[in-house]
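Taking it in order: structure first as structure tokens, then the write-up.
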Amino acid sequence: MRAVIFGNGDIQSYERAAGYLKADDFIICADGGLRHAKKMGLRCDVLIGDFDSLDVDADAGEIIQYPAKKDFTDGELCVKYAREHGFSDIILLGMTGKRLDHTINNIMMLSCCGGTVIDDDNEIYILKDSLEFYKKKGRTLSIIPVGGNIEGIDGEGVEYPLCNDTLHFGSCRGSSNVIVEEYCKITIKSGVGLVVITDGK
């Protein structure tokens, strides 16, 4: 089973977000992220947070409240809960928005949970060894080094070939490739990166 975490960020298209959901997803809401689940007609299995963004909702299956002064964000606590309860596949929705600090932190959480951050325009993945993508032909794919260089990149099914290449930290060379096949695979020998897939050019 998969965990879907709703944050209190922006979701403009609930129809698009619903396209990523499965009937048996386990729904975890981070504080005000409960509003998104409600608007999509979903029942929250676990509600976690300090509840500075909403009143505690008794309709949630389980409610875990933390003090306002704490060392973790509500979203981070949700990811921690999901991992501790055996969810290796995690989707994060409502995790981007006007608070750029929260957006960056939520994306960087992928390094510990291996999930996917999805918003109205992007899918964001962590790249450590390899990633495979299916049925994303025509979409733009960018690779962004995180914390150092990425060595030994090979890319299959992309417009601009990658063959044992290096992407340097701080360089934009990995931006705006295009997936040209129904199957795409990116592998690396060392380093860590973010892969962003978007409809934009």
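The values are calculated or read from the model by the stated rules, or taken from the named source; none is laboratory data. All of these numbers come straight from a predicted model, not from anything done at the bench. Neighbour counts run over all protein chains shown; Cβ positions are idealised from the backbone, glycine included. Side chains are part of the model used for accessible areas, which takes the heavy atoms of the whole protein and leaves out ligands, DNA and RNA. Shrake-Rupley method; radii C 1.70, N 1.55, O 1.52, S 1.80 Å.
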Options ILE63, ILE5, ILE91, ILE11; residue that is in a loop (DSSP other than H, G, I, E, B), surrounded by 13 or more Cβ atoms within 10 Å (Cβ to Cβ) and not small (Gly, Ala, Ser): ILE11
Being touching a Phe, Trp or Tyr at 6+ places or on another chain (Cβ under 9 Å), buried (at least 22 other Cβ atoms within 10 Å of the Cβ) and assigned to a strand (DSSP E or B) is the filter here, so list the residues in the range 32-48 that pass it. ILE48
Among the numbered conditions (1) free of Cβ contacts under 8 Å to residues at least 60 places away in the same chain; (2) touching a helix residue (DSSP H, G or I) at 6+ places or on another chain (Cβ under 8 Å), tell me where ASP74 comes up short. (1)
Per the filter on the range 70-86, residues over 18 Å from ILE124 (Cβ atoms) and either over 16 Å from the mean Cα position of the chain (by Cα) or open to solvent by less than 50 Å² (accessible area, probe 1.4 Å) (or both) are LYS70, ASP71, PHE72, ASP74, LEU77, TYR81, GLU84, HIS85, GLY86
Please give the number of the condition CYS113 fails out of (1) under 23 Å from THR140 (Cα atoms); (2) under 11 Å from the mean Cα position of the chain (by Cα). (1)
If you go through GLU181, GLU151, the only one that is assigned to a loop (DSSP other than H, G, I, E, B), without any contact (Cβ under 8 Å) to a residue 60 or more places away in the chain and touching a Gly at 6+ places or on another chain (Cβ under 8 Å) is GLU181
Considering only residues that are among the hydrophobic types (A, V, I, L, M, F, W, C) and open to solvent by 20 Å² or more (accessible area, probe 1.4 Å), look in the range 159-193 and name the one that is farthest from LYS135 (Cα to Cα). PHE169
For GLU123, state whether it is assigned to a strand (DSSP E or B), open to solvent by 40 Å² or more (accessible area, probe 1.4 Å), under 16 Å from LEU194 (Cα atoms) and in contact (Cβ under 8 Å) with a residue 24 or more places away in the chain. no
May I ask you to verify whether PRO145 is buried (at least 21 other Cβ atoms within 10 Å of the Cβ) and either of a type outside the set (Ser, Thr, Tyr) or at pLDDT below 90 (or both)? yes
Answer with yes or no whether ILE153 is aliphatic (A, V, I, L, M) and out of contact with any Asp or Glu (no Cβ under 6 Å at 6 or more places or on another chain). no
